[in-house]
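The values are calculated or read from the model by the stated rules, or taken from the named source; none is laboratory data. Nothing here was measured: the structure is a model prediction, and the numbers come from that model. Note that each Cβ is placed from the backbone with ideal geometry, even for glycine, and that neighbours are counted across all protein chains shown.
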Amino acid sequence: MPTIIDGKKISTDIKAEIKSQVDGMKANGQRAPHLAIIIVGDDGASHTYVNGKINACKAVGFDYTLLQFAATISEEKLLKHVEQLNADEDIDGFIVQLPLPDHISVDKVTDAIIPEKDVDGFANENFGSIVSDNQLLMPATPYGIMELLKRYDIDTEGKHAVIVGASRLVGAPLSMMLSHDGRATVTTCQKYTVDLAKHTKEADILVVAVGKPGLISADMVKEGAVVIDVGTTRVADDTRKSGYRLSGDVEFEEVSKKVSHITPVPGGVGPMTIASLMINTLRAAKAKL
Ligand code: GUN
């Protein structure tokens, strides 16, 4: 039987650790860390993720501010709000929930956030801090994956890690973390890599982050591998009250029969992104002090 990696439990443990630090700060007369979240438009999944982030703030004792804008807001106006948050002394860190409407440049908005407050870890400076001895704010999802591996005592040194997906948010920074901190041998693939299975079958640690349900079947995975599924796609499901369920990129039932560890969707990597966001916000607040 494989070990099912319980991201929800690890994330709860991390939040409890953060809460005790926040309690300590408050006992010392310091104010609580303060996270601001910008959300644009009414994308259902984004609102669900943002609610999760607000609930996490409440659980750890952070202050939070939610700024909601209509999908019609101009890029210029949104950038003004980013500038205001950059300058606001009461805000330790903030995020702009993605995706954004097509008329707004994601790069322009994320690059406008000052690195000290970029608690998603998307800014170029924070990307570079992956290979620095002076790490501060780490890209949240890949950092959460590294933390999961660490807390499950999964040694990466000398192992072959294969990542499917090279996005700026997950695959690209994770490949750097796994090779730099994790001392693994890393192969980065795409969903359209020629003979993808040839590479995935070589993986001691397989991370899949492309958003394509069913991409990875059991015959593409090595016996005893560790499988981390970052995919979270809403799939229509009439048996659910919501009308959908979340699906990862890995065929969980068949793959779990031959691996040593696997993350479920939901409840694997997702909660860890939020835990990392809380870690980064605490670090940003402490760095300011
Ligand atoms: N949309 C999906 N994942 C994320 C994330 O980690 N941060 C932000 N800001 N938006 C997202």
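Computed quantities for the displayed model
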{"item": "Complete set of residues in region 171-223 that are of a type in the set (A, V, I, L, M), free of Cβ contacts under 8 Å to residues at least 24 places away in the same chain and in contact with a helix residue (DSSP H, G or I) (Cβ under 7 Å, 6 or more places away or on another chain)", "result": "Ala197"}
{"item": "Residues of region 98-141 satisfying the condition of being within 10 Å of the ligand (Cβ to nearest atom) and within 13 Å of the chain's Cα centre (by Cα)", "result": "Leu98, Val119, Asp120, Gly121, Phe122, Pro139, Ala140, Thr141"}
{"item": "Residue in region 178-194 that is surrounded by fewer than 16 Cβ atoms within 10 Å (Cβ to Cβ), hydrophobic (A, V, I, L, M, F, W, C), within 23 Å of Gly44 (Cβ to Cβ) and more than 16 Å from the ligand (Cβ to nearest atom) present", "result": "no"}
{"item": "Any hit, region 150-172, residues being among the polar types (S, T, N, Q) and touching a Ser or Thr at 6+ places or on another chain (Cβ under 7 Å)", "result": "no"}
{"item": "The lone exception for Arg240 - which of (1) part of a loop (DSSP other than H, G, I, E, B); (2) in contact (Cβ under 8 Å) with a residue 24 or more places away in the chain it fails", "result": "(2)"}
{"item": "Restricting region 253-281 to residues that are assigned to a loop (DSSP other than H, G, I, E, B) and more than 17 Å from the chain's Cα centre (by Cα), the residue that is nearest to the ligand (Cβ to nearest atom)", "result": "Val259"}
{"item": "Boolean, Asp111 is in contact with a helix residue (DSSP H, G or I) (Cβ under 9 Å, 6 or more places away or on another chain), closer than 23 Å to Met278 by Cα and touching a residue at least 12 places away in the same chain (Cβ under 8 Å)", "result": "yes"}
{"item": "Helices (runs of 4 or more DSSP H) within region 7-91 that include 2 or more residues exposed (fewer than 13 other Cβ atoms within 10 Å of the Cβ) and more than 16 Å from the ligand (Cβ to nearest atom)", "result": "7-27, 75-87"}
{"item": "Verdict on Ala197 being more than 29 Å from Asn124 (Cβ to Cβ) and not β-branched (Val, Ile, Thr)", "result": "yes"}
{"item": "Residue ID - nearest to the ligand (Cβ to nearest atom), chosen from residues in region 151-170 that are on the phi > 0 side of the Ramachandran plot and more than 19 Å from the chain's Cα centre (by Cα)", "result": "Asp153"}
{"item": "Conditions (1) modelled with pLDDT under 95; (2) within 23 Å of Ala70 (Cα to Cα); number of the one not met by Gln135", "result": "(2)"}
{"item": "Residue check for Ile95: modelled with pLDDT of 95 or more, within 9 Å of the ligand (Cβ to nearest atom) and not in a helix (DSSP H, G or I)", "result": "yes"}
